[in-house]
1. Just to be sure I understand the model, the point goes 7 Å from the Cα along the line to the Cβ. What's the resulting Asp77 to Asp97 distance in nm?
2. Pull out the extension gain between Asp65 and Val121, defined as 0.36 nm times the separation in residues minus the alpha carbon to alpha carbon distance; nm, one decimal.
3. Order the following by accessible area, largest value first: Leu46, Leu78. Probe radius 1.4 Å; ligands, DNA and RNA are ignored.
4. Can you work out the accessible area per residue across the stretch 83-122, with the rest of the protein chains kept in place, probe 1.4 Å, in square angstrom?
5. Mind giving me the FRET efficiency for Glu44 and Lys109? R0 is 41 Å, r the Cβ-Cβ distance, nearest 0.05 is fine.
6. Ranked highest first by average number of other Cβ atoms within 10 Å, how do 48-56, 81-89 line up?
Amino acid sequence: MTKPTALVIFEDFNDPHNPFNMKFVIVLVALFALAAARPNRDAETLRYDSNVEPENYNYAVETSDGKSVAEEGRVEDLGTEQEAIVVKGSYSYIGDDGVTYSVNYIADKNGFQPQGAHIPVA
């Protein structure tokens, strides 16, 4: 019996030959956050903070239509075989139903781990 694809992807998560390694997850998280915060042409940027260093970064954006995103990342175990980027962040937006949806997440060697009141728990 073969393993389901999702298990294989995350089993070798730090393998540099695995196309779904940490860099892929970070790009996926960033794209997801951007999609959730898709622009409203009438919205104004209320806050934009960004700091990028060689081994860490952080940013935060808030808009007048109730969307916000904040994220920080850092390299752990720099220079070792276990070197990885650890990302912590959150985003929120007001849904079409008028409810504010918020997601907090961590992306690390254990994968992308979102938490939110509207997200089912396994």
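The values are calculated or read from the model by the stated rules, or taken from the named source; none is laboratory data. What you are looking at is a predicted structure, and each value in this text was computed from that prediction instead of being measured. Cβ atoms come from the backbone with ideal geometry, glycine included; neighbour counts cover every protein chain shown. Side chains included, ligands, DNA and RNA excluded: accessible areas come from the protein's heavy atoms. Shrake-Rupley method; radii C 1.70, N 1.55, O 1.52, S 1.80 Å.
1. 4.0 nm
2. 17.3 nm
3. Numbers: Leu46 115, Leu78 95 Å².
Sorted by accessible area, descending: Leu46, Leu78.
4. 63 Å²
5. Values: r = 38 Å, r/R0 = 0.93.
Efficiency, rounded to the nearest 0.05: 0.60.
6. Numbers: 48-56: 9.7, 81-89: 15.7.
Most protected by this proxy first, the peptides run 81-89, 48-56.
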